[in-house]
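I have placed the structure first, in the form of structure tokens, so that the comments after it can refer back to it.
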Amino acid sequence: MSSRRQKKAALYEKLNSLRDATTSTSVNKTSIIVAASKYIQELKEKVERLNQEIEASHNQLPVVTVESLEKGFLINVFSEKNCPGLLVSILEALEELGLDVLDARVSCEDNFQLEAVGGEYQGDGDSIDALAVKKAVVQAIKNWSGSND
């Protein structure tokens, strides 16, 4: 008789743990198991979605962000893989825009990371904004990518 109570108590504890893990409020055994099944399915879908995002990120071009500073721009470029020749392409694009690079930090060993401060616009005509700088850098990356395929 004691063994039966122990088994029932153990099952009750396991159901409570399962209910807690799934954030279910039900006390019915069947409802708890159904909620756990749905939770497991959601987790499987989340894992699949994350795996797809990881796979897609390996095939994407480097990430580019450009911020306006008081005088110039802060340009960040990051890629998870090494990108031989990319730095030259980006610097040429900035030069064509009429931006001087005042300061830069670059890492090209296992991945590619560039943080550069571009000075004020030195070109002819209207001034440029951060979006124009970003477009130029992204275009330089696309051109570089096309020449390396």
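The values are calculated or read from the model by the stated rules, or taken from the named source; none is laboratory data. All of these numbers come straight from a predicted model, not from anything done at the bench. Every residue, glycine as well, gets a Cβ built from its backbone with ideal geometry; the counts of neighbours run over all protein chains shown. For the accessible areas, the whole protein counts, side chains as well, though only heavy atoms, and no ligand, DNA or RNA atoms are used. Shrake-Rupley method; radii C 1.70, N 1.55, O 1.52, S 1.80 Å.
Once Rh for the chain is found with the Kirkwood sum over Cα pairs, what is the Stokes-Einstein diffusion coefficient at 20 °C and 1.002 mPa s, in µm²/s?
In µm²/s, the coefficient rounds to 109.
Among the lysines, select those whose C-alpha is under 25 Å from the C-alpha of K134, and discard any that sit fewer than 8 residues away in the same chain.
Partners found: K71, K81, K142.
Give me the lysines in straight-line cross-link reach of K8: C-alpha distance below 26 Å, same-chain residues under 8 apart excluded.
Within the straight-line limit of under 26 Å, K8 reaches these lysines: K29, K38.
Scan around L99 for amide H atoms under 5 Å from its own, H built in the peptide plane at 1.01 Å from N, and keep only partners 5 or more places away or cross-chain.
Sorted by chain and number, the residues that satisfy this are Q122.
Determine the share of the chain's accessible area contributed by carbon and sulfur atoms, expressed in whole percent, with a 1.4 angstrom probe.
50
Using packing as a proxy for protection, rank 2-15, 21-34 so that the peptide with the highest average count of other Cβ atoms within 10 Å comes first.
Ranked from most to least packed, the peptides come out as 21-34, 2-15.
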